[in-house]
Structures are given as C-alpha cells and as structure tokens.
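Reviewing the structure listed below.
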Amino acid sequence: MLKLNRIHHVAIICSDYQKSKRFYTEILGLKIVREVYSEERKSYKLDLEVGNQYQIELFSFPDPPPRPSRPEAAGLRHLAFEVDNIDVAIAHINAFGVITEPIRVDEFTGKCFTFFADPDGLPIEFYEI
C-alpha cells in the first residue's frame, strides 16, 4: 500500500523574480534555504522554508504564460498558510500594501481564513488554527 508522508514542496513560477522574491521573503517572511541560477535555462530557483521545513520552490523562466485565475480555472486552486492569529497576519501584510479579502469563517471547522494575491495574482490563503 502506498504511504504518502507529507507534501514535500510546492513549485511556483513567477513573472518578475525580484518582485516575487521580495514578496515571499520580506513580506511573508519565508527563509531562503538556497538560491541558484541556471544559465542554460535563464532561470532562478529559490528554495524557501516554511515553518522550519523546506516547502516552496520559486522559479523564474523567460516569458511564462499568464496563470488563469478568475473565473476559477481547473487545476491547483490556491496555496494556504496556517497562521496562529489571522488578525496579526493580516495587519502584517496590509502594512506592506497587500490587500486581503474580508475574513470568512469555515462553515465546517469554525476557523477564520482570508485570501490575498501574490505579485502574479496567485491566490494565497491565511488559515487560522
């Protein structure tokens, strides 16, 4: 029987590497594990740590096609980060000019959550534990 332990990483392709690097490291506060550049692919790869685990790979490629988002497209819908206090998390990113949707309550768990977008419009969620 197949046993999956956990998600190892999520890969994100960005259109403006420096802007996305700033967003994920300075605004969201993710720690850089390593950063490499492939001359052959003209591509950066930035490995980021979430909660003491390596989980996000941020890639840059020349001229990536735009990501369909709204209306919702088939495929991976969004990336969600667990937070201890949603109000503190929202205040932090709002201070950087990141706009969040109104807080909603999960009808099944009673937990609070909100959405916002990264520099390329990728939907990101904060989910309060």
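The values are calculated or read from the model by the stated rules, or taken from the named source; none is laboratory data. As the structure is a computational prediction, the values presented were derived from the model and not from experiment. FYI the Cβ positions are ideal-geometry reconstructions off the backbone, even for glycines, and counts take in every protein chain you see. The area values use the complete protein model at the heavy-atom level, side chains included, leaving out ligands, DNA and RNA. Shrake-Rupley method; radii C 1.70, N 1.55, O 1.52, S 1.80 Å.
Each Cα pair under 8 Å and six or more residues apart adds its sequence gap; the mean of these over the residue count of the range 75-129 is a relative contact order of 45 percent. Accessible area per residue was computed with a 1.4 Å probe on protein heavy atoms; Tyr54 scores about 60 Å². How many angstrom separate the Cα center of the range 98-121 from the Cα center of the range 1-66? Comparing the Cα centres of the range 98-121 and the range 1-66, I get a distance of 22 Å. Basic side chains Lys and Arg get +1 at the Cβ, acidic Asp and Glu get -1 at the Cβ, and with that the dipole of the range 9-114 about its Cα centre reaches some 240 debye.
With a Förster radius of 41 Å, plug the Cβ-Cβ distance of Asn52 and Val105 into 1/(1 + (r/R0)^6) and report the FRET value to the nearest 0.05.
Details: r = 29 Å, r/R0 = 0.70.
Computed FRET efficiency for Asn52 and Val105: 0.90.
These residues, Asp47, Asp120, Asp63, go from largest to smallest accessible area, 1.4 Å probe, as Asp63, Asp120, Asp47. From its DSSP helices (H runs of at least four residues, each -39,500 (n - 2.57)), the chain gives a residue-normalised ellipticity at 222 nm of -3000 deg cm²/dmol.
Annotation note: GluC sites (Glu not before Pro) in the range 1-40 located in DSSP loop regions with a Cβ neighbour count of at most 15 within 10 Å are Glu39, Glu40. Projecting the Cα positions of Pro123, Tyr37, Ala91 onto the charge dipole of the range 6-129 (unit charges on Cβ atoms of Lys, Arg, Asp and Glu, taken about the Cα centre) puts Tyr37 furthest along the positive direction.
Spin-label model, Asp87 to Val36: label points 7 Å out along the Cα-to-beta-carbon direction sit 4.5 nm apart. Here is the list for the range 55-103: GluC sites (Glu not before Pro) lying in DSSP coil, each with at most 13 other C-beta atoms within 10 angstrom of its C-beta, are Glu72. Extension gain for Leu2-Lys45 works out to 12.5 nm (0.36 nm per residue, less the C-alpha to C-alpha distance). Normalised by 2.2 N^0.38 Å, where N counts its residues, the alpha-carbon radius of gyration of the chain equals 1.12. The mean sequence distance of close C-alpha pairs (under 8 Å, at least 6 residues apart), as a share of the length of the chain, puts its relative contact order at 22 percent.
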